[in-house]
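To keep things clear, I will list the structure first and then write my remarks on it.
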Amino acid sequence: MSQIELFKALKEIHFTKHFSVQEMGTFMDNGQYHEMEKGNVIFSEGHMIDKMNILLKGVVKVTKLTDDNREVLKSILHPK
């Protein structure tokens, strides 16, 4: 995704849509853009995270493992 496409995508998100051009530039300069492959784990329950993730396209499946190691679907997240 180009910087212009990323800027436009971020301007459509509630959290960043009211950022000025300067604020958006600072936000983009201090962030990292990643494209994830289907099936990748973003983070796991119990792990400390030190970043915020913003979904621009695709879907995220939120699951929880049971005590007997079964995966239970909790939610499916879409952008916007």
Subject >> Partner lysines for residue 64 [C-alpha distance under 17 Å; skip if fewer than 8 residues away on the same chain] >> reply: 74
**OP:** Give me the aspartates and glutamates in straight-line cross-link reach of residue 57: C-alpha distance below 18 Å, same-chain residues under 8 apart excluded.
**Re:** 5, 12, 35, 37
Original post:
To the nearest 10 square angstrom, what accessible area does residue 76 show with a 1.4 Å probe?
Top reply: 90 Å²
**OP:** Determine the dipole magnitude for the range 8-80: charges of +1 sit on the beta-carbon of Lys and Arg, -1 on that of Asp and Glu, nothing else is charged, the reference point is the Cα centre, and the result goes in debye to the nearest 20.
**Re:** 380 debye
Subject >> Signed unit charges on C-beta, dipole axis of the chain, positive-most listed residue 66, 25, 10 >> reply: 10
Original post:
Out of residues 5 or more away from residue 63 or on other chains, whose amide H comes under 5 Å of its own, with H placed 1.01 Å from N in the peptide plane?
Top reply: 74
Original post:
In sequence order, what are the phi-derived ³J(HN,Hα) couplings for the range 31-37 according to the Karplus relation 6.51 cos²θ - 1.76 cosθ + 1.60 with θ = phi - 60°, rounded to whole Hz, with x for glycine and proline?
Top reply: x, 10, 9, 10, 9, 9, 7
Subject >> Set of aspartates and glutamates with alpha-carbon distance to residue 38 below 13 Å, sequence-local pairs under 8 removed >> reply: none
Subject >> HN-Hα J in Hz across the range 43-54 - Karplus 6.51, -1.76, 1.60, θ = phi - 60°, x for Gly and Pro >> reply: 7, 10, 3, x, 8, 6, 10, 10, 8, 10, 10, 10
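The values are calculated or read from the model by the stated rules, or taken from the named source; none is laboratory data. In this text, all values refer to a predicted model and were calculated from it rather than measured experimentally. All Cβ positions, even for glycine, are placed from backbone atoms using ideal geometry, and neighbour counts span all protein chains on display. Ligands, DNA and RNA are stripped out before the accessible areas are found, and what is left, the full protein with its side chains, is counted by its heavy atoms. Shrake-Rupley method; radii C 1.70, N 1.55, O 1.52, S 1.80 Å.
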